[in-house]
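Heads up: the structure comes next, in structure tokens.
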Amino acid sequence: MQSEISIANQRGKPAIERTTRINLQKQQRMGESLIQGFLFLCGAISILTTIGIVFVLGRESLLFFMDPEVSGQSILLSPEAGAEALSQGSLLSVCVTHPGPCVQQMGASLATFFGGVTWQPRIFQFGIWPLVAATLLTSMIAMLVALPLGLMSAIYLSEYASDRVRSTLKPILEVLAGIPTVVYGYFALTFMTPVLRSIFGSGIVEIYNTASAGIVMGILILPLVASMAEDALSAVPSSLRQAAYGVGATKLETAVHIVVPAALSGITAAFVVAISRAVGETMIVAIAAGAGPHNFSSWGDALKGLAILNPFKGAETMTGHIVRISGGDISYGTLDYTSLFSIGLLLFLMTLGLNIISRILVERFREEYE
């Protein structure tokens, strides 16, 4: 695109006229092009990495549910064990060979995987709920600790603390996020568990329990909630606060009834991110929660007195189970190996669902100010 500009002489007479042509087309700059290409490459690598992880999880998880005629696996069992496995729905076919039954392992059916309360793949018990229940229980306990304390800390830092106090307390609070999770795990085992046993009794609280692991997980997540919520509260325009003060509202009323609702989208996002962080936590639950799934013989036993949700009993979460099994010597294509990927895929779907919910809630409660 070119533009012509006519410049007349000082007397306004068009007798002498000069025309200047200006090129308005976008000029290519090598530096900006390189930076743009580098940023595009980084984004493409992150997307391709995510796709690769999902592909591997899905491919290996299919082996857990697939026909052994493809994988070439067969397992010799006694007649009693073979009959029990078939009656429970863990195995989908059986072939009889001399001298005893040969069970063709087809992996877990979806009904068994999502409907059972016993997780022991080596003996063909594929109920995932003991691991899922322990994961949800520890995450729920962590949220009961992190969400109220984190939100109150954020309100104090945003509405009450002076600039000097805020600049001092916020870095100290965020130091908690830099402590290795292994240290948190042993803190839960050596400090929090004795405290719970002294309060509720050693006969009620086991040495390995989900309560201590969940409480310490809440302490771990607390800085994340406080930092994100404080940023959301600080982003609320000060004009809203001044208007509330102008009609006679106190500082507490302004914080609770004006600032928090205005920052609800950011606070909701902080809560959902914290839940995702709790679901994916590994070392604390691997050290303090237990080294084996809390299995039950039937749903009746699991729901009797809500035994499956007893926080004072030892249990194993999904991430803790992955750590324990993968730390041993397992062979490729075995049940233990493929079960890890099925658990990982379920964890991925859970966190993906939480992220989708987070985006929906953020869009639902978003407030825009001019």
Kindly indicate which of T254, T250 is surrounded by fewer than 18 Cβ atoms within 10 Å (Cβ to Cβ), polar (S, T, N, Q) and over 23 Å from P223 (Cβ atoms).
T250
Taking segment 138-167 as the search range and keeping residues that are part of a helix (DSSP H, G or I) and of a type in the set (S, T, N, Q), which one is surrounded by the fewest Cβ atoms within 10 Å (Cβ to Cβ)?
S167
Exactly one condition in (1) of a type outside the set (A, V, I, L, M); (2) in a helix (DSSP H, G or I); (3) within 25 Å of the chain's Cα centre (by Cα) is not met by T190; state its number.
(3)
Restricting the search to segment 236-259, which residues are out of contact with any helix residue (DSSP H, G or I) (no Cβ under 6 Å at 6 or more places or on another chain) and among the aliphatic types (A, V, I, L, M)?
A243, V247, A249, L252, V256
Residues satisfying the stated conditions in segment 291-319, i.e. surrounded by fewer than 20 Cβ atoms within 10 Å (Cβ to Cβ) and of a type in the set (F, W, Y):
W299, F312
Residue list for segment 168-182, restricted to those being surrounded by 11 or more Cβ atoms within 10 Å (Cβ to Cβ) and in a helix (DSSP H, G or I):
T168, L169, K170, L173, E174, L176, A177, T181, V182
Return the pairs, sorted by first residue and then second, in which the second residue is of a type outside the set (A, V, I, L, M) and in a loop (DSSP other than H, G, I, E, B), the first residue lies in segment 263-289 and is over 21 Å from H321 (Cα atoms), the beta carbons are less than 7 Å apart, and the residues are 6+ apart or on different chains.
S265/R366; S265/E367
For I322, state whether it is modelled with pLDDT under 90, β-branched (V, I, T) and within 16 Å of V132 (Cβ to Cβ).
yes
Report, ordered by the first and then the second residue, all pairs with beta carbons closer than 6 Å, sequence separation of six or more or different chains, a first member in segment 232-243 that is in contact (Cβ under 8 Å) with a residue 40 or more places away in the chain, and a second member that is surrounded by fewer than 16 Cβ atoms within 10 Å (Cβ to Cβ).
P237/Y369
Residue among T112, T135 that is in contact with a strand residue (DSSP E or B) (Cβ under 7 Å, 6 or more places away or on another chain), under 20 Å from L346 (Cα atoms) and either assigned to a helix (DSSP H, G or I) or not aromatic (F, W, Y) (or both):
T112
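For (1) surrounded by 14 or more Cβ atoms within 10 Å (Cβ to Cβ); (2) among the hydrophobic types (A, V, I, L, M, F, W, C); (3) outside the structural domain of L354 (by TED's automatic domain parsing); (4) under 30 Å from H294 (Cβ atoms), each residue gets a yes or a no:
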residue	(1), (2), (3), (4)
N209	yes, no, no, yes
G214	yes, no, no, yes
M217	yes, yes, no, yes
L220	yes, yes, no, yes
L233	yes, yes, no, no
R241	yes, no, no, no
I258	yes, yes, no, no
G266	yes, no, no, no
In segment 281-288, is there at least one residue being out of contact with any Phe, Trp or Tyr (no Cβ under 9 Å at 6 or more places or on another chain), surrounded by fewer than 19 Cβ atoms within 10 Å (Cβ to Cβ) and either among the charged types (D, E, K, R) or at pLDDT 90 or above (or both)?
no
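The values are calculated or read from the model by the stated rules, or taken from the named source; none is laboratory data. On a predicted model such as this, the values are computed, not experimentally measured, just so you know. Backbone-built Cβ (ideal geometry, glycine too); neighbour counts: all protein chains shown.
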